[in-house]
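Below: the structure, in structure tokens.
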Amino acid sequence: MTGDADESASSATVEDRREEWKGPVPVPSGANTEFWAATLEGELLYQHCEECGTAQLYPRAVCTGCGAVDPPFERSEGVGSVYTYTVCHVPGEPGFGDRTPYVVAAVDLAEGPRLLALVDCAPDAIEVGDSLEVRFWQVSDEAAVPVFVPA
Ligand SMILES: [Zn+2]
């Protein structure tokens, strides 16, 4: 925190995990290019359709509510709650083998969209409805993966 008076939303922490990350690496392209660029700055973006109000993640070329092309991005505060979660004892990704058991949750962001994400916590330290906040693990020169921690 620097105390900048004109920035209501502070950027989330971005940890450099490029050396240790063995999971999938996002490749920015098309509609998600702006999203991944923002992750490197610790900012979580979502799309908010100006035509129908639908809020969506991950980024798509069209609105899932009305089909409007290129719904604009807005910045999320990066806080949400656990809609549901699972504890993975068998890795869903080959590169996650040494991470088990790990937690994956469907996170309802305060702004509306729901996304699947890793939660960096002990498997017995999470409940439906818990408050979470976003962090970022940088996994390449082009992308940092949103990961949530208990708020
Ligand atoms: Zn729409």
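The values are calculated or read from the model by the stated rules, or taken from the named source; none is laboratory data. Not measured: the values here are computed from a predicted model. Cβ sites come from the backbone with ideal geometry, for glycine too, and all protein chains shown count toward neighbours.
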> Condition test on Cys49, is it under 17 Å from Asn32 (Cβ atoms) and either surrounded by 14 or more Cβ atoms within 10 Å (Cβ to Cβ) or in contact (Cβ under 8 Å) with a residue 12 or more places away in the chain (or both)?
Replying inline: yes
>> Kindly evaluate Thr2 against the criterion of being at pLDDT below 95, surrounded by fewer than 17 Cβ atoms within 10 Å (Cβ to Cβ), more than 16 Å from the ligand (Cβ to nearest atom) and not charged (D, E, K, R).
In response: yes
> Has region 64-72 got any residue that is among the polar types (S, T, N, Q), modelled with pLDDT of 95 or more, within 13 Å of the chain's Cα centre (by Cα) and under 21 Å from Glu34 (Cβ atoms)?
Replying inline: no
> In the list Pro91, Pro26, which residue meets the criterion of being over 17 Å from Arg114 (Cα atoms) and either in a strand (DSSP E or B) or more than 17 Å from the chain's Cα centre (by Cα) (or both)?
Replying inline: Pro91
> Conditions: (1) outside any strand (DSSP E or B); (2) over 12 Å from Ser76 (Cβ atoms). Ala105 meets all but one. Number of the miss?
Replying inline: (1)
>> Condition (residue is within 18 Å of Leu109 (Cα to Cα), in contact (Cβ under 8 Å) with a residue 24 or more places away in the chain and either of a type in the set (A, V, I, L, M) or within 13 Å of the ligand (Cβ to nearest atom) (or both)) applied to region 14-37: is it met by at least one residue?
In response: no
> Of the residues that sit in region 64-93 and are within 9 Å of the ligand (Cβ to nearest atom) and not polar (S, T, N, Q), which one is surrounded by the most Cβ atoms within 10 Å (Cβ to Cβ)?
Replying inline: Pro71
>> Out of Ala37, Ala61, I need the residue that is within 19 Å of Val139 (Cα to Cα) and surrounded by fewer than 16 Cβ atoms within 10 Å (Cβ to Cβ). Which one?
In response: Ala37
> Which residue pairs have Cβ atoms under 9 Å apart, sit 6 or more places apart or on different chains, and have a first residue in region 60-85 that is under 30 Å from Asp124 (Cβ atoms) and a second that is among the aromatic types (Phe, Trp, Tyr) and within 16 Å of the ligand (Cβ to nearest atom)?
Replying inline: Ser76/Tyr46
> In region 71-97, which residues are among the charged types (D, E, K, R) and farther than 20 Å from Pro26 by Cα?
Replying inline: Glu74, Glu77
